[in-house]
1. Throw me the Rg/Rh for segment 363-415, computed over C-alpha atoms with Kirkwood Rh, two decimals.
2. Mind checking the angle between helix 222-235 and the chain's longest principal axis? C-alpha axes, 0 to 90 degrees, to the nearest 10.
3. For the chain, treating each Cα as an identical point scatterer without solvent, what Debye log10 I(q)/I(0) comes out at q = 0.08 1/Å?
4. When only C-alpha pairs under 8 Å and at least 6 residues apart count, what is the relative contact order of segment 1-142, in percent?
5. With each label point set 7 Å from Cα along the Cα-Cβ vector, what nm distance links residue 276 and residue 352?
6. Enter the angle in degrees (range 0 to 90, nearest 10) between the Cα long axis of helix 77-91 and the first principal axis of the Cα atoms of the chain, meaning the one along which they spread out most.
7. I want to check the label-to-label distance for residue 6 and residue 400. Put each point 7 Å from Cα in the C-beta direction and report it in nm to one decimal.
8. So for 339, 242, fewest C-beta neighbours within 10 Å to most, what's the order?
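Nothing in this text is a laboratory measurement; each read-out follows from the coordinates by a stated rule. Fair warning: this is a prediction, and the values are worked out from it, not measured in the lab. In this analysis, Cβ positions are derived from the backbone assuming ideal geometry, glycine residues included, and neighbour counts consider all displayed protein chains.
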C-alpha cells in the first residue's frame, strides 16, 4: 500500500513544534496541503510571542509542499471556526483534522486552581469540540473525512500529578467515540491517538509527582516523532477503515486500547439482591472472561436489558477446566481465584481446601515451592462435570493423575477432585 495524500487537505493544531510539526511535514511530503495551526505558547498555555506555525509552514514550502500558517486559538468557538475556514479558503476543501494542540499544568490536587482546570479543559477538550464542529459540517457535505484526536494513557488509566490533563483527555475519548457514531453515515471516521514521544515540550513542565509516576526522568529522541508519525499518517489516510478506535505508539510498540465491560452476574428471578449477594458474586462481576467492547451506549444497555433472568454463563465446563490448567502453567494466582467459586472445594492428594481465598493461598504456596507442569489429555464433559487424565511433573517427579471438575452455570469451578495413580 502506497499512502498518497495528493489532493487532500489537512488541518493540524499545535503543529508548531514536536509531534504536530512532524505530522505536518510527513503529510505534506506525501502530497497533502496543510494548515499549520499554532498559537505560539509555553507548555502551560501562555503566549510566548513566537510564531512557530509560520516556521513549519515555511519549511514545508521550501521542501516543495503546500502549507499555510494559522495562529488562531482552538480554545474558543470563533478560533476553531477560523482554523477550519482557513483550510477551505486557501485550499478549497478539508479532509483531515488532527487535534494535537495541548497544554499542561501538572500539580498535585491540593494545588490545582480553577484557572488551571479551565485552561487545560479549554485547549484539550473544548478545543477538540471547537475544531471538530465546523470541520464535521464541511466533511459531511463532502461525504468524506478523517478526525484524529490526541488522547493519553493518563485519560484511560490515570496518573498522579496530572488530574486536569487526565480529566480533559478522558473527555476527548467520549467526544471522539460519539463523533465516530455520528459520522459513520457520512464517510467520516474518528479515532483517538495515544502518542508517547520524548519531545522537549512533552518532557518540560512535568511535576515531580508526575515524573515519579512514569518512572523518573525521560530523555528526548527525534526517532520518537517518526515512530508516532507513521501511525498517524496511516490513521488519517483513505486506506484506513478504522473508526471508533484508540490506537497507540510508544517506544516502537504499536497497540490498541479499549474500554470493555465484563459479562458480569445476573440476578435470579425478580428479587433484589442484597449487598451480601453482590459481595458473594464479586469475582464473577469482575471476571474478564467473556468481556465485551460495546460500540455505543445502546449496545451497553442492550447487553444489560436483553439477557433474561438467569445468570449468564461466562465459560463452558470444558473452558473452565482448560482455564485451570492455563492458570497453573502460568502460575497466575489471580486467575485461579476468579475461576473458583467463593465456597469452592479442592480435594487433591494430601490436601483438602475450601473457599477460593484459601485455594489461592494454597496455590501461592505450591508455586513458591515448585513449578507444576501438568500435561492434560482430552477434556471430557458430561453435563456440568469434566474429567481429564493428566501427566504431572512437579518437584522433579512425574505423576499420573485423574482430575474431575464440577462447574456452575456461571462457568466457575465449584469442586475439583484429583486422584493420583499408583
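1. Radius of gyration relative to Kirkwood radius: 1.05.
2. 80 degrees
3. -0.60
4. For segment 1-142, the relative contact order is 26 percent.
5. Distance between label points: 2.6 nm.
6. In the chain, helix 77-91 runs at an angle near 70 degrees to the longest axis.
7. 7.2 nm
8. Least crowded to most crowded, the residues run 242, 339.
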